[in-house]
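A.B. asks: My questions all concern the structure below.
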Amino acid sequence: MHIHYFQHDHFEDLGYIGDWAASNNFTTSVTRFDLKPELPSPDDFDWLVVMGGEMSVNDSVQYPWIIDEIEFIKKVIYSGKIVIGVCLGAQLLAKALGANVYKNREPEMGFYPVFFNQYAKTDSVFKHFLTELSVMHLHFDTFDLPPGALAMAENEVTPVQAFRFGNNVFAFQFHFEITESNAPVFIREVAHEIIPGKYVQSPPEMLKKAGYCILNNEIFSKVLKEILKLS
C-alpha cells in the first residue's frame, strides 16, 4: 500500500496518518505545493490524502497551482482510488465535486465539538465517531455539500463538518491528524492567523485542550482501518 499526500505549507504534514501508515508498513510520498508543485502519476499510489493549508481554495490568482490540484483530485476521485481530505483538503475535495467554497459566517479556531448524525451512526466508516466529539478547527472557509455526497457531521457554525462521497471519498473539515505531541508546533505556526471571534481560542487555551488529540487519534485509527477495507 502506498499513500501519496498533498502538503500545502511546511508544518501540516500527515501527522497521525503518517504514524498509522508506518505502523501498517505502508509507504508514503509527498507533493509539497509550498516548495515544488509537481503532480505525481495516479498510477504511483493507492491512496491520496490532501492536507490543510492557510490559503483558500479560491486563491488561484496567488496560488495558480490550485486549479491543477483540483483537476487532479477530481481525476483521482473518479478513478475509484481512496481520497481523504483534511481542512483545506476537505474544501478542495468539495470543490472538485462541484460544490461552492466560501467564507464561513464565523472562523473556527481551537477545540470545539462536532456532532455526528444518524447517517454516521450506521455508516461502516463513520460509526466509530462519538455522537459529540471535541476536535481541532482552524478554518475561515466552509462549503456546500457536494451533489451526491452524504453529510456525516455538523456543528452550530459549520453545516458540513464531514462528508462521504461513494465508497472512496472522505472529507473532514476538522483536524483529526494533529497529535498531542505535535499540537504545540501546529498551534505556534498558526498563531499569526488567529483573529477575535465567537469560536476562536487563544493559543494557551488550545494548548490546554491538546489532550483531546489522544482520543481523536484512537478513533481515527479505527476509521482508517475501515477505509482500508474499501481499498
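A.B. asks: For the list (1) crowded, with 18+ Cβ neighbours inside 10 Å; (2) closer than 23 Å to Val30 by Cα, I need the number of the one condition that Lys75 fails.
C.D. replies: (1)
Results for (1) without any contact (Cβ under 8 Å) to a residue 12 or more places away in the chain; (2) small (Gly, Ala, Ser); (3) surrounded by 15 or more Cβ atoms within 10 Å (Cβ to Cβ), shown as yes or no for each residue.
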{"residue": "Trp20", "(1), (2), (3)": "no, no, yes"}
{"residue": "Pro37", "(1), (2), (3)": "no, no, yes"}
{"residue": "Val49", "(1), (2), (3)": "no, no, yes"}
{"residue": "Ser56", "(1), (2), (3)": "no, yes, yes"}
{"residue": "Asp59", "(1), (2), (3)": "yes, no, no"}
{"residue": "Ile82", "(1), (2), (3)": "no, no, yes"}
{"residue": "Glu106", "(1), (2), (3)": "no, no, yes"}
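A.B. asks: Which of the residues spanning region 61-72 are farther than 21 Å from Pro107 by Cβ and either among the hydrophobic types (A, V, I, L, M, F, W, C) or surrounded by 15 or more Cβ atoms within 10 Å (Cβ to Cβ) (or both)?
C.D. replies: Within region 61-72, Val61, Trp65, Ile67, Glu69, Ile70, Phe72 meet the criteria.
A.B. asks: Looking at Phe26 and the list (1) in contact with a Leu (Cβ under 8 Å, 6 or more places away or on another chain); (2) of a type in the set (Phe, Trp, Tyr); (3) surrounded by fewer than 17 Cβ atoms within 10 Å (Cβ to Cβ), which single condition is not satisfied?
C.D. replies: Answer for Phe26: the failing condition is (1).
A.B. asks: So, one more: As an exercise: evaluate Ser181 against (1) among the hydroxyl-bearing types (Ser, Thr, Tyr); (2) buried (at least 17 other Cβ atoms within 10 Å of the Cβ); (3) without any contact (Cβ under 8 Å) to a residue 12 or more places away in the chain and give the number of the one condition it does not meet.
C.D. replies: Evaluating Ser181 over (1) among the hydroxyl-bearing types (Ser, Thr, Tyr); (2) buried (at least 17 other Cβ atoms within 10 Å of the Cβ); (3) without any contact (Cβ under 8 Å) to a residue 12 or more places away in the chain leaves (2) as the failure.
A.B. asks: Going through region 187-200 one residue at a time, which ones are more than 14 Å from Cys87 (Cβ to Cβ), outside any loop (DSSP other than H, G, I, E, B) and either in contact (Cβ under 8 Å) with a residue 40 or more places away in the chain or of a type outside the set (A, V, I, L, M, F, W, C) (or both)?
C.D. replies: Arg188, His192, Val200
A.B. asks: Spot the failing condition for Ser29; the list is (1) more than 20 Å from His175 (Cβ to Cβ); (2) under 17 Å from the mean Cα position of the chain (by Cα); (3) of a type in the set (Ser, Thr, Tyr), and only one is missed.
C.D. replies: So the condition that Ser29 fails would be (2).
A.B. asks: A further question follows. Please specify each residue of region 156-170 satisfying the condition of being of a type in the set (S, T, N, Q) and either closer than 14 Å to Ala99 by Cα or surrounded by 19 or more Cβ atoms within 10 Å (Cβ to Cβ) (or both). Outline the logic, then answer.
C.D. replies: Narrowing region 156-170 to residues of a type in the set (S, T, N, Q): 158, 161, 167-168.
Scanning region 156-170 gives Thr158, Gln161, Asn168.
A.B. asks: For residues in region 152-186 being assigned to a strand (DSSP E or B) and among the aromatic types (Phe, Trp, Tyr), which is nearest to Pro204 (Cα to Cα)? Give the derivation first.
C.D. replies: Keep residues of region 152-186 that are assigned to a strand (DSSP E or B), which gives 152-154, 162-165, 169-172, 175.
After this cut, where a residue has to be among the aromatic types (Phe, Trp, Tyr) as well, the list is 163, 165, 170, 172.
Working: Phe163: 31, Phe165: 36, Phe170: 31, Phe172: 25 Å.
Looking at the filtered set, the residue picked out is Phe172.
A.B. asks: Further, regarding this structure: In region 75-132, which residues are out of contact with any Phe, Trp or Tyr (no Cβ under 9 Å at 6 or more places or on another chain), within 25 Å of Asp13 (Cα to Cα) and not aliphatic (A, V, I, L, M)?
C.D. replies: Once the filter is applied, which keeps residues that are out of contact with any Phe, Trp or Tyr (no Cβ under 9 Å at 6 or more places or on another chain), within 25 Å of Asp13 (Cα to Cα) and not aliphatic (A, V, I, L, M), region 75-132 yields Lys75, Tyr78, Ser79, Gly80, Pro113.
A.B. asks: Quick one: is Lys222 out of contact with any strand residue (DSSP E or B) (no Cβ under 7 Å at 6 or more places or on another chain), over 19 Å from Asp13 (Cα atoms) and free of Cβ contacts under 8 Å to residues at least 40 places away in the same chain? Before you say what the answer is, go through the steps one by one.
C.D. replies: Values: out of contact with any strand residue (DSSP E or B) (no Cβ under 7 Å at 6 or more places or on another chain): yes; over 19 Å from Asp13 (Cα atoms): yes; free of Cβ contacts under 8 Å to residues at least 40 places away in the same chain: no.
Spelling it out, it is not the case that Lys222 is out of contact with any strand residue (DSSP E or B) (no Cβ under 7 Å at 6 or more places or on another chain), over 19 Å from Asp13 (Cα atoms) and free of Cβ contacts under 8 Å to residues at least 40 places away in the same chain.
A.B. asks: Considering only region 19-46, how many residues are part of a loop (DSSP other than H, G, I, E, B) and either on the phi < 0 side of the Ramachandran plot or among the small types (Gly, Ala, Ser) (or both)? I'd like the intermediate steps shown before the answer.
C.D. replies: Pass one, region 19-46, residues part of a loop (DSSP other than H, G, I, E, B): 24-26, 33-41, 45-46.
Pick out the ones that are also either on the phi < 0 side of the Ramachandran plot or among the small types (Gly, Ala, Ser) (or both) and you get 24, 26, 33-41, 45-46.
Within region 19-46, residues that are part of a loop (DSSP other than H, G, I, E, B) and either on the phi < 0 side of the Ramachandran plot or among the small types (Gly, Ala, Ser) (or both) number 13.
Bear in mind that the values in this text are calculations on the coordinates, not laboratory data. None of the values given here were measured: they were computed from a predicted structure. When we count neighbours, we look across all protein chains shown, and the Cβ atoms used for this are built from the backbone with ideal geometry, even at glycine.
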